[in-house]
Amino acid sequence: MKKYIFCLVALLAALFCSTSLYAKSSKNKARTAKNAKELYMNLLVKQLDAQISPEGLLTVKYSNGSTLYYTILDNFGNVALTWDHSDGKTSYNQGVSAYKGAIEIPSFITIESKGDQEEDIVMSFNVCEIAENAFNGCSELTSVSIPYSVRNIRQNAFSDCDKLESINVNDNNNIYMSQDGILFSKSQNILILYPAQKQNTAYTVPEATTIICPNAFQNNSALHSIVITDNVTAISDYSFQNCSNLESISLGKSLRIIGKGAFRGCNSISEIRSANIFAPHNCPIVFERSIKATCKVVVPTGQTSNYKRRLEWLEFQNYVEE
């Protein structure tokens, strides 16, 4: 059967979404190896070894000592970075994860094998997704670098990463961006994750942001004050859960919804300032009951009665109008 040589570099640059198979004959092997080496250096891929199981689990070892695991998503060579499968784990929460320190996710991975004519076959896979629970509970994870090829980050991908300091996204990624180590959608209208170990004591949400995702600020103990700017319309479930030192909250005039348990475990809140003349719609349990007798709630002039008509707002006892 006639063999074709596919150019890995051109394929990655033009499509970056399909598996490339190419044969290396003795005549072009050196040239292909040179091109591959240059590509690895340009993209900072430090792959040492890769294996694929019959079930489609890819195990890839890197020169910095880390081993990452991937699952195949489709027949076009797209893969998702998934949770640590070492030591025979069958679930992400079985034992301590080996994902730790600074993890740099590559934009692609390759696996070599022998063809039916004993020629070298190289399969290239595009890393386009971070799977659900991929880093969930990785207690020693400090930073993650996301390549431009990632187009989807699934739910709870970074939950309970209590030592996470920053998430950095390649500038050429068309879906996501990072600012000062904080993960956003590309347009910055969605704030996805504020790392638990980020040490700012105060933070103002960017003006472009309209939605704060579930668990976005969860377990950050450094924050003392947060300003929710005027374009934010929704704070999702558990967004600020267990921000134990959060004392001051400023809510913008466009906020409409505060999700379930959004401020659960925030026992230090002493002041909530709301610029909205309409009390945001709360789920039944948003704030800790322990703060409601003493926390000062500052609302626009004449709006105390409106706030006290809304679920948990009526339980606060110290209203001030400005």
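Annotations
- Normalised per residue, the volume of the convex hull around the Cα set of the stretch 128-235 (Å³): 85
- Of all accessible heavy-atom area on the stretch 241-315, the percent that carbon and sulfur account for (1.4 Å): 51
- Å² of accessible area per residue within the stretch 85-176, as computed with a 1.4 Å probe and no ligands counted: 46
- Ranked by how many other beta carbons lie within 10 Å on average, peptides 62-68, 246-252 from highest: 246-252, 62-68
- Protein accessible area in the stretch 162-212, 1.4 Å probe - carbon and sulfur %: 45
- Note, ³J(HN,Hα) from phi for the stretch 59-75, Karplus 6.51, -1.76, 1.60, rounded to Hz, x at Gly and Pro: 10, 10, 9, 10, 5, 7, x, 8, 10, 10, 10, 9, 10, 7, 9, 7, 8
- Residues in the stretch 208-227 reached by a label modelled at Q188 [backbone nitrogen below 16 Å; 7 Å Cα→Cβ]: 208-212, 227
- Residues whose placed amide H lies under 5 Å from that of V150, excluding near-sequence neighbours: none
- Cα centroid separation - the stretch 127-189 against the stretch 237-294, whole Å: 26
- Label-point separation in nm, D49 to S221, each point 7 Å along Cα→Cβ: 3.9
- Under-5 Å amide H pairs with E288, H placed in peptide plane, nonlocal only: G265, C266
- The length gained on full extension between D230 and Q317, counted as 0.36 nm times the residue separation minus their Cα-Cα distance, comes to 28.8 nm.
- For the stretch 197-303, the solvent-accessible area with a 1.4 angstrom probe is 40 square angstrom per residue.
The values are calculated or read from the model by the stated rules, or taken from the named source; none is laboratory data. The shown structure was predicted, so the numbers you read here are calculated from the model rather than taken from an experiment. As a convention, Cβ positions derive from the backbone with ideal geometry for all residues, glycine included, and neighbour counts pool all protein chains shown. Side chains included, ligands, DNA and RNA excluded: accessible areas come from the protein's heavy atoms. Shrake-Rupley method; radii C 1.70, N 1.55, O 1.52, S 1.80 Å.
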